[in-house]
1. Out of all the residues in the range 116-148, which are exposed (fewer than 13 other Cβ atoms within 10 Å of the Cβ) and within 17 Å of residue 39 (Cβ to Cβ)?
2. Quick one: in the range 1-37, of everything that is more than 13 Å from the ligand (Cβ to nearest atom) and charged (D, E, K, R), which residue is most open to solvent (accessible area, probe 1.4 Å)?
3. Can you name every residue in the range 58-75 that is crowded, with 19+ Cβ neighbours inside 10 Å and within 12 Å of residue 34 (Cβ to Cβ)?
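The values are calculated or read from the model by the stated rules, or taken from the named source; none is laboratory data. Everything quoted here is computed from the prediction, not taken from an experiment. Cβ placement follows ideal geometry from the backbone for every residue including glycine, while neighbour counts extend to all protein chains displayed. These area figures cover heavy atoms from the full protein model, side chains too; ligands, DNA and RNA do not enter into them. Shrake-Rupley method; radii C 1.70, N 1.55, O 1.52, S 1.80 Å.
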Amino acid sequence: MDIKNLISVILVEPKYQGNIGAVARSMANSGLTDLRIIKTIPDEEAMHRAMHGDYILKNAKIYNTFEEAIKGFDIIAGTSDVSKSGNKFRRVPVSPEYFWDNYGLNGQKVALVFGREDNGLHNSELDKCNFFIKIIGNPEYPVYNLSHAVAIILYEMIVRYYKTNVIEAKDVITSENLNVLMSRIEYLLTLVDYKDFQINILMTMLNKIIGRAQITESEFYKIMGILRQIINRLENKTHE
Ligand SMILES: C[S@@+](CC[C@H](N)C(=O)[O-])C[C@H]1O[C@@H](n2cnc3c(N)ncnc32)[C@H](O)[C@@H]1O
């Protein structure tokens, strides 16, 4: 799955050029490229704030209406702090974590929609969204700066994306090597005279812990090196 072609950011009538630039920068940090902006055209200040994300601004698509900007997406996720304007929502807000875990990274085309700095998204726009994402904040002041809200939501996306697409797919220990590691640990336990029933209990526990740790191949080789040293010493001792 290539998030670049699947996940877009839509800014609805942003006022501050600095925010637009900061959004482009976060998108570049997160590997996204499709920025859509309703009504506001990025200027020099936005370019300056975007730093290495300036190419995103140069290619940003400008729309006149909300309806045009959201065309062609499977999921339209509006964002809001909700609490201040709670009763204007007709759907239940979800956290960014919940959204990405369950819906956002399923291969569908997703539009993340962010509202105006002064009054967020209008009711008519919220009605066109299938999800509302809310970032938890201080209950007395849960309203984030627009570009910070974008960065938080994209961060939760990228963490999950790399976990599933980079680490698991490319680096994580193979099941064959995992078996090799577990049998070395088991052998080490026998060398230090653990009883069979204790070994069974410990191996079940260690299997779970090592499975959760998602260790990489290079970590595997390092751990094997340490085990080899310990086992060699113990074997030499028993032969002395
Ligand atoms: C400065 S806020 C606008 C606040 C505005 N008073 C409102 O009612 O939404 C600008 C945008 O940042 C995003 N945002 C700010 N705080 C958020 C939060 N806690 N959860 C999700 N999005 C948030 C939303 O897209 C919001 O429209």
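1. Scanning the range 116-148 gives 118, 119, 124.
2. Residue satisfying both the conditions and the ranking: 25.
3. Within the range 58-75, 60, 69, 73 qualify.
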